[in-house]
1. Determine, for W202, W276, the number of other Cβ atoms within 10 Å of each Cβ, and report the residues in order from fewest to most.
2. Students often check this: by mean Cβ neighbours within 10 Å, which of 127-135, 209-217, 35-43, 235-243 ranks highest, and how do the rest follow?
3. Tell me the GluC sites (Glu not before Pro) within the stretch 196-269 that lie in a loop according to DSSP and have at most 13 other beta-carbon atoms within 10 Å.
4. I need the semi-axes of the equivalent ellipsoid of the stretch 127-259: take the C-alpha gyration tensor, multiply each eigenvalue by 5, square-root it, list largest first in whole angstrom.
5. Compute the distance in nm between two label points, each set 7 Å from the Cα along the Cα-to-Cβ direction, one at E37 and one at N365.
6. Roughly what would the spin-label model give for K111 and N293, points 7 Å off Cα along C-beta, in nm?
7. Rounded if a/c is under 1.5, else prolate if a/b beats b/c, else oblate: with a ≥ b ≥ c from the C-alpha gyration tensor eigenvalues square-rooted, which is the stretch 133-172?
8. Using the Cα atoms of the stretch 109-166 to build a convex hull, what is its mean projected area in square nanometres?
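Quick note: the coordinates plus some simple rules give every number you see, no bench work behind them. Note that this is a predicted model, so its numbers are computed, not measured. For neighbour counting, all protein chains shown are included, and Cβ atoms are generated from backbone atoms with ideal geometry for every residue, glycine included.
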Amino acid sequence: MSEKEPAKREKHMEFTPLTPETTFQYADLSIKHINAENTLAMVKRAIRMGYDAVAINIDLGDISDYYTELDSLWTPASQSNSEGEPPKKKKKKQQRKDELADGIAGILKKKLIPPPHFVNASQLNTSDLEKRGKVFRQFSRITFTANEQVVINKVFTHPTVMSYDIVAVRPGEPAVLDTLSRKTELFDIITIDHLEENRGKWLSASKVMDRIRNDGVCYEIAYAESLMPATRKNVLFNGRVLIRSLKSKNVILSSGAETMLDLRSPVDVMNMSLLWGVANSDARKMISGFPKNLLLQAECRGTGNGDVCSMKLSDAEKLAGEEDEKEEKSEEGAEETTTVKPPPIEVKMNQAQYKALLQATKNANDMMKKIKASKAASSSTAPPTS
């Protein structure tokens, strides 16, 4: 991949809704994958509860424990002659050899990033959803904790990570959040680590959080951790701080379920949102509206950028009329069409806009000539005053 080309995610998600009947109603974007049998049972239970869109989440933990990319390590020359070298140089070479051995040993200890997991759709009973005119959708998701800023660049460009539909990051330090604010085109969700009390330090960076939210990234609260006594206090406190900082915008509620007992129905989740101070009007958005926006943006994320130009409807019709006139003249061969010079470099417009500007200028000049001619004719025909 060349340096100029943007990183593209090889996803297989097809979410774009074509009709209102096929849009999903409720989504749970965090069903943790532990084994295939447990994941299939939880997806079946989610469908019975009324969810028509789920994301199967593979949580890696600290991403530094996984193999991302070989670092540029120093390799000593195989046929170097160390005889006759000063002691300092010999000691430095030996130190480099030890560093090389430690680096290779550390890489070999790292684990490979697993591929996305999907359940077999033929084993699911979606008859209740079809009766309501809904279509079941499943998406793949990867979640990892980023404690170092250096690792982030390697992770997002990893081909396995790019094959996931949704990428979620769990920032460990405020400095990592600042780095993520400049790479919002590469991930979709920022989630909170409730297992340690010092993980919520970045929640006070409201300006950075607003900048990330404005780019379409969502923040997540996993309600399954609020059901456990060990993490309940941290989940409720961090969730309230998060919702207060973002004013309930672009915040989604997911289960983060590892067992079937952690799943709750959509109505229960909306009622549970009152624990975080969410208004009744915003509760439904957190499991329906905001997840839908997230999936639409995740589908477009990583694609090439395009340019859109706008112009007035009258100018567009005039330009279309000129094109039709030009085609008729070329077919009849009555008149030769004049070539338009390309616009100068400093003018930032395309050929069609430049032609429309020239035509508008010509029309304005003709109008001014007609006005002057009519004024001159009226002054010459006016009777002389006594």
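1. On the way: W202 19, W276 24.
Taking fewest neighbouring Cβ atoms as first place, the list is W202, W276.
2. Details: 127-135: 12.7, 209-217: 17.8, 35-43: 15.9, 235-243: 19.6.
In descending order of packing, they fall as 235-243, 209-217, 35-43, 127-135.
3. Details: sites: E196, E197, E220, E225, E258; in loops: E196, E258.
Here the sparse-neighbourhood loop sites are E196.
4. Values: eigenvalues 117, 85, 45 Å².
Sorted largest first and rounded, they come to 24, 21, 15 Å.
5. According to this spin-label approximation, the distance is 8.4 nm.
6. Spacing of the two 7 Å Cα→Cβ label points: 3.5 nm.
7. On the way: a/c = 5.25, a/b = 2.21, b/c = 2.37.
Oblate shape, in that a/c is at least 1.5 and b/c is the bigger or equal ratio.
8. Numbers: hull surface 24.4 nm².
Convex hull of Cα atoms, orientation-averaged projection: 6.1 nm².
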